Amino acid sequence: MFDYDQAFIRNLGWVSAAEQQRLRHCRVAIAGLGGVGGSHLLTLARLGVGRFSLAEFDSFDIANFNRQAGAGMSSLGCPKLAVMESMARDIQPELEIRRFDQGISIDNLEDFLDGVDLYVDSLDFFAFDARRAVFAACAQKGIAAITAAPLGMGVAFLAFMPGGPSFDDYFQLQGQPELEQGLRFLLGLAPARLHRRYLVDPTRVRLDLRQGPSTAMACMLCAGVAGTQALKILLERGGVPAVPWGLHFDAYEGKLARTWLPQGNRNPIQRIRLALARRMLARTLGQEAES
């Protein structure tokens, strides 16, 4: 028989007994249960968070096997939300879960964020409109919103805290074509670019085709970093690196960078990086067209 106190007794020491009970009554919203979202859910369930709002419309495919927590032969073709809910309930049978099987949209955003203490962004990289809408709603409601991006074999972390710079102010995606949004989002996430030196085949990065390489290691690192910062936010311990500050840890390079990007993508140095990235992308697309 399930016993919450016994299930999470090994958390004690890093959290107090009172803090563990506080986590039990916290609600975390996660939009997207694929690459990083499934790992976020399981990590936070093992931390003892007792309430979730989960949004996901997709099903597992064989291309998910290299990195997604719920992907395997037994879940092939199954809805990601149903699979991940089952896995999370296997850890915590008493979980209170609000399901949004059609994904996130303007129509359900209010319900999705109702009573939420923290939003953990796990949307597909290219879901720019949905991501902007969720972050804007979080800012309006005073909800902390965090994102941990799996890049190479590392993680880039940003936290948008109530009263701080907004997602739109930082990334400057509004009014831009999709390809430019992809570049701005990528470079805004990781201005330190620790992952760039060991990319062996740059042609696999195809923002124009909504494709890019990924690793399971990066997704698991994302869950660890996001889970740790979620703990600090939910328990009000402070010390969270909030935008324009960020973190980028790369396990392959063995490096940790504390990033600082005042003005976000409007930063003069960042604008130079973006210009160089545009040239590299144009060169890659030109080579593809010739082949």
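Restricted to Cα atoms, segment 185-246 shows a radius of gyration and a Dmax of 14.8, 43 angstrom.
Computed from Cα atoms, the angle from the helix 128-141 axis to the main principal axis of the chain rounds to 50 degrees. For segment 205-264 versus segment 158-197, the spacing of their alpha-carbon centroids is 12 Å. Extent along the principal axes, Cα only, for segment 96-186: 36, 31, 29 Å, with the longest axis given first. With a simple spin-label model that places each label point 7 Å from the Cα along the Cα-to-Cβ direction, the separation between Arg237 and Leu276 comes to 3.6 nm. Just so you know, the Cα atoms of segment 175-291 work out to an Rg and Dmax of 16.1, 55 Å. When the alpha carbon gyration tensor of segment 4-290 is reduced to an equivalent ellipsoid, the three semi-axes, largest first, read 30, 21, 18 Å.
The peptide list 267-275, 229-237, put in order of mean Cβ contacts within 10 Å with the highest first, becomes 229-237, 267-275. Maximal additional length on extending the Asn66-Asp111 stretch stands at 12.9 nm, based on 0.36 nm per residue less the C-alpha distance.
Against the main long axis of the alpha-carbon atoms of the chain, helix 268-290 sits at an angle near 70°.
Every number in this text was worked out from the coordinates using simple rules, so none of it is lab data. Every value quoted in this text rests on a predicted model; they were computed, and no experiment measured them. Note that each Cβ is placed from the backbone with ideal geometry, even for glycine, and that neighbours are counted across all protein chains shown.
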